[in-house]
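See structure below.
The values are calculated or read from the model by the stated rules, or taken from the named source; none is laboratory data. This one's a predicted model, so the numbers in the text were calculated from it and none came from an experiment. Virtual Cβ from ideal backbone geometry, glycine too; neighbours counted across all protein chains shown.
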């Protein structure tokens, strides 16, 4: 095994040529309202980190076909609305583990993580991901309910 190198700028760790571990996703990719959150994540990982559909699927614990579909939908949307990446001073790195819980939608995962673990307000989260405050509250509330149900079933 080769020596581990990491880059905080891109939130990626390469342990060898084949083994890739994504550490974090920048919150700025969610500013584009033309794409769904999973489409944004898939586009970011494919275009910025040159990962295959299979590698992205493994990182996000999703099916390869889901990743392929999301990426292709994002590309079709890009033909109509070219990419504009807005850099934010308050950009937050969101750990990729947040997206591995398949019970939660990506926006629910983001809002739950930023509210519960980073202690951000709903308004701050809304500004960060380019959504309405009420949307963030709703996503967080749904995530909380789903987490509570999962604990009852498991416990």
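Brief remarks follow.
- Matching residues, segment 55-65, being in contact with a helix residue (DSSP H, G or I) (Cβ under 7 Å, 6 or more places away or on another chain) and either in contact (Cβ under 8 Å) with a residue 12 or more places away in the chain or under 17 Å from residue 24 (Cβ atoms) (or both): 56, 59, 60, 61
- In the set 94, 136, only one residue is at negative phi, outside any helix (DSSP H, G or I) and either crowded, with 20+ Cβ neighbours inside 10 Å or in contact (Cβ under 8 Å) with a residue 12 or more places away in the chain (or both); that residue is 94.
- Every listed requirement among (1) part of a helix (DSSP H, G or I); (2) surrounded by 12 or more Cβ atoms within 10 Å (Cβ to Cβ); (3) touching a helix residue (DSSP H, G or I) at 6+ places or on another chain (Cβ under 8 Å); (4) in the same structural domain as residue 28 (by TED's automatic domain parsing) is met by residue 51 save one, (1).
- Criterion applied to 124, 151 was being surrounded by 15 or more Cβ atoms within 10 Å (Cβ to Cβ), out of contact with any helix residue (DSSP H, G or I) (no Cβ under 7 Å at 6 or more places or on another chain) and assigned to a helix (DSSP H, G or I), and the one residue passing it is 124.
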